[in-house]
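Chemist: Just passing along the structure, written as structure tokens.
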Amino acid sequence: MYETILAEVKNGVLWVTLNRPDKLNAFIEQMHKEVTKVMKDAAKNPEVRAVVLTGAGRAFCSGQDLSDVPEGSDFGDILRTRYNPMIQSIANLEKPVIAAVNGVAAGAGVSLALACDFRIASEKASFVEAFIHIGLVPDSGNLYYLPRIVGHAKAMELAVLGEKISAEEAKELGLVTKVASTEVFEETVEAFAYRLAQMPTKAIGLIKRYLNQSFDVTLDEMLEKEAYAQKIAGESEDFKEGVQAFLEKRKPAFSGK
Ligand code: T3D
């Protein structure tokens, strides 16, 4: 069904693997389309309660395929028609998305990881804002997410100097949630994703929706948004189950409904 990615649902988790290992999973148009589609489908599929995005082979994603950029391309148009919808499909997916950064992430590969809700890195992973090395600016939401995650000054340093940082350095910056050794990387990601897939999915979706808006609204506006979100969460089956389980002193079994 897909040419450039692999996609499989297991135990409530959708595993998406960028699958162009010879090019370190660099983006071509088909890959943008397929990632966008798989995220949009995940939004509609109740079986999916968490998503893991990773790369085949030794890299996570090396950004735009530099051997597939026709001369005279309008990069603004390419971003608007290919990259931006892909990033929006992740941001708008009201389910947790984990970037399992198995190796190097460069250029728009960093942007892709930043657009995810959590980043778990293998000890072999690294991050490089490669855009500047070819005279470009960070794109695909990079200039939106990066300062929000690491702060303005560090974002400036990473984006302008374009130095590669290790998984450990990324952890210190708050860019990644966990770093795992290669031996336990897959099981660490799996356990984390499975844990999220067992949680109250609607509440996670609402947290994601409103955290994504939180830097752009006033306190009064956010108080109202929280009230709206809590009305929805308070009507969910998972809220009933959570309270019931608390009163019965047992672990809740959330259904995501
Ligand atoms: O609209 C638009 O098009 C503009 C949008 C731009 C968004 C962007 O993402 S711009 C940034 C594009 N990406 C880069 O500039 C990164 C280029 N790659 C690298 O800097 C390095 O390859 C890495 C730091 C990612 C990894 O380095 P290393 O030493 O581990 O691997 P390598 O030897 O450089 O690469 C291995 C192979 O993958 C190699 O091919 P070969 O020689 O074995 O046949 C290399 O050419 C290929 N490769 C790596 N990255 C790309 C790539 N091929 C095409 N495009 C790539 N991005």
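Chemist: If you put +1 on each Lys and Arg Cβ and -1 on each Asp and Glu Cβ, how big is the dipole of the chain around its Cα centre, in Debye rounded to 20?
Modeler: 760
Chemist: Sum up the charges of everything whose Cβ sits under 11 Å from the Cβ of residue 75, counting Lys and Arg as +1 and Asp and Glu as -1, but leave residue 75 out. Could you put the intermediate results ahead of the total?
Modeler: Numbers: positive: 80, 82; negative: 74, 77, 139.
Spelling it out: positives minus negatives among the neighbours equals -1.
Chemist: Also, quick follow-up: In whole percent, how big is the carbon plus sulfur part of the accessible area of the stretch 5-197, probe 1.4 Å, protein atoms only?
Modeler: Numbers: 4580 of 8790 Å².
After summing per-atom areas, the C and S share lands at 52 percent.
Chemist: Please give the length that would be gained between residue 148 and residue 65 if that part of the chain were fully extended, namely 0.36 nm times their separation in residues minus their C-alpha to C-alpha distance (nm, one decimal).
Modeler: Contour length minus the Cα-Cα distance gives 27.2 nm.
Chemist: A follow-up question, please. Any idea how far apart residue 230 and residue 213 come out in nm if each label point goes 7 Å out from Cα toward Cβ?
Modeler: Modelled inter-label distance: 1.6 nm.
Chemist: Let me ask something additional. In the chain, what percentage of the DSSP-assigned beta bridges are antiparallel, given to the nearest 5?
Modeler: Details: 8 of 31 bridges.
Looking only at bridges with both residues in the chain, the antiparallel portion is about 25 percent.
Chemist: How many nm is it between the label spots at residue 244 and residue 9, if each spot is 7 Å from the Cα in line with the beta carbon?
Modeler: Distance between label points: 2.4 nm.
Chemist: Tell me, what is the percent relative contact order of the chain, built from C-alpha pairs under 8 Å that lie six or more residues apart?
Modeler: 17
Chemist: Could you calculate the contour length gain from residue 77 to residue 182, that is, 0.36 nm times the residue separation minus the distance between their Cα atoms, to one decimal place in nm?
Modeler: On the way: separation 105, 0.36 × 105 = 37.80 nm, distance 3.85 nm.
Additional length available on full extension: 34.0 nm.
Chemist: Still on this model: For the stretch 130-218, run through the GluC sites (Glu not before Pro) and keep only the ones in DSSP coil with at most 14 other Cβ atoms within 10 Å of their Cβ.
Modeler: Details: sites: 157, 163, 168, 169, 172, 183, 186, 187, 190; in loops: 163, 183.
Here the GluC sites (Glu not before Pro) that fit, given the DSSP loop and packing criteria, are 163, 183.
Chemist: Please list, by residue number, every one of the GluC sites (Glu not before Pro) in the stretch 1-51 that is coil in DSSP and has at most 13 other beta-carbon atoms within 10 Å.
Modeler: Qualifying residues, ordered by number: 3, 47.
Chemist: So, for the chain, what is the accessible surface per residue at a probe of 1.4 Å, expressed in square angstrom?
Modeler: 53
Chemist: Right, here's the next one. Using a simple spin-label model with points 7 Å from Cα along the Cα→Cβ vector, what separation in nm is obtained for residue 171 and residue 157?
Modeler: 1.9
The values are calculated or read from the model by the stated rules, or taken from the named source; none is laboratory data. Treat the numbers as computed from the prediction; the structure is a model and nothing was measured. Positions of Cβ are generated from backbone atoms using ideal geometry, with glycine treated the same way; all protein chains shown enter the neighbour counts. Note: accessible area is taken over every heavy atom of the protein model, side chains too, but ligands, DNA and RNA are not part of it. Shrake-Rupley method; radii C 1.70, N 1.55, O 1.52, S 1.80 Å.
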